[in-house]
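The values are calculated or read from the model by the stated rules, or taken from the named source; none is laboratory data. On a predicted model such as this, the values are computed, not experimentally measured, just so you know. Quick reminder, even Gly has a Cβ in these numbers, built from the backbone with ideal geometry, and neighbours come from all protein chains shown.
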Amino acid sequence: MIKINPIKKSDYFKILQIEQNLFKNTMIKKELNNFFSQSSFRIWKIEEDKITGYMSFYQVMDEVEIIKIGIIKSYQRNGYGSSLIKELKKLNMKKIFLEVSTENVKAINFYLKNGFKEIGLRKRYYKSKSGIKVDALRLSFTH
Ligand SMILES: CC(C)(COP(=O)(O)OP(=O)(O)OC[C@H]1O[C@@H](n2cnc3c(N)ncnc32)[C@H](O)[C@@H]1OP(=O)(O)O)[C@@H](O)C(=O)NCCC(=O)NCCS
């Protein structure tokens, strides 16, 4: 059975491990501790027999900003990411939004499939692996 819950301190190591395998800019343990002192920042984990991924976001008033969603490579494309989004939608926030690199086609497809719409473009917002600045696509979901 799939379970989604806020992470605990004992999950830190695993979450950081997943994050380091997937992203270039990663959190460190100290940052995780700092994040937890901010009441608006949340990290949820998704697990079946083991943790397969996580999602971090800010929840402020009636809006949610997704910071990251990461599913362990070998578990991708099995619906775990979509399950996290489905759970987030249950919070019934007015708006869920995020920014993603225009190079991350996989993630863009993922968000579009989950009902997000393109709302804008931030030119040259991210630095890509090759050092070139790439655009960020702004996506949003409203109920
Ligand atoms: C993007 C990500 C979170 C999606 O999670 P996931 O559990 O693999 O997604 P799902 O299984 O729910 O897939 C839903 C849809 O996403 C898209 N998608 C997922 N993986 C894809 C891939 N490898 N190539 C193209 N589209 C893909 C597809 O539209 C897919 O629907 P389909 O299988 O019916 O075609 C996951 O691939 C990931 O962790 N990527 C690396 C980190 C990242 O880029 N995160 C997002 C930016 S913060």
Requested in this report: Report, by residue number, each residue of region 64-94 that is within 21 Å of K14 (Cβ to Cβ) and more than 10 Å from the ligand (Cβ to nearest atom).
Outcome: S74, E87, L88
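In region 8-28, how many residues are within 16 Å of the ligand (Cβ to nearest atom) and outside any helix (DSSP H, G or I)? Talk me through it step by step, then tell me what you get.
Going through region 8-28, the residues within 16 Å of the ligand (Cβ to nearest atom) turn out to be 14-27.
Checking which are outside any helix (DSSP H, G or I) leaves us with 23-27.
The qualifying residues number 5.
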Query - From E87, E99, E118, residue being among the acidic types (D, E) and farther than 20 Å from Y58 by Cβ - result: E118
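So that you can scan it fast, the table gives a plain yes or no per residue for (1) within 11 Å of the ligand (Cβ to nearest atom); (2) outside any strand (DSSP E or B); (3) hydrophobic (A, V, I, L, M, F, W, C):
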residue	(1), (2), (3)
K106	yes, yes, no
F110	yes, yes, yes
G115	no, yes, no
L121	no, no, yes
D135	no, no, no
S140	no, no, no
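Residues are listed down the side, and each one gets a yes or a no for (1) surrounded by fewer than 17 Cβ atoms within 10 Å (Cβ to Cβ); (2) not hydroxyl-bearing (S, T, Y):
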| site | (1), (2) |
| --- | --- |
| Q20 | yes, yes |
| N33 | yes, yes |
| F36 | yes, yes |
| S40 | yes, no |
| K45 | no, yes |
| E48 | yes, yes |
Report task. Kindly indicate whether Y54 is in contact with a strand residue (DSSP E or B) (Cβ under 7 Å, 6 or more places away or on another chain), more than 18 Å from I18 (Cα to Cα) and among the aromatic types (F, W, Y). Result -> no
Query raised in the report: Which condition number in (1) assigned to a loop (DSSP other than H, G, I, E, B); (2) of a type outside the set (S, T, N, Q); (3) assigned by TED's automatic domain parsing to the domain that holds E47 is the one that Y58 fails?
Result: (1)
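So in region 50-65, with the set limited to residues that are among the aromatic types (F, W, Y) and crowded, with 17+ Cβ neighbours inside 10 Å, which one is nearest to I2 (Cα to Cα)? Don't jump to the end; show me each part of the working.
The first filter runs over region 50-65 and keeps only residues among the aromatic types (F, W, Y), leaving 54, 57-58.
Remaining after also requiring crowded, with 17+ Cβ neighbours inside 10 Å: 54, 57.
On the way: Y54: 13, F57: 20 Å.
Only one residue tops the list, namely Y54.
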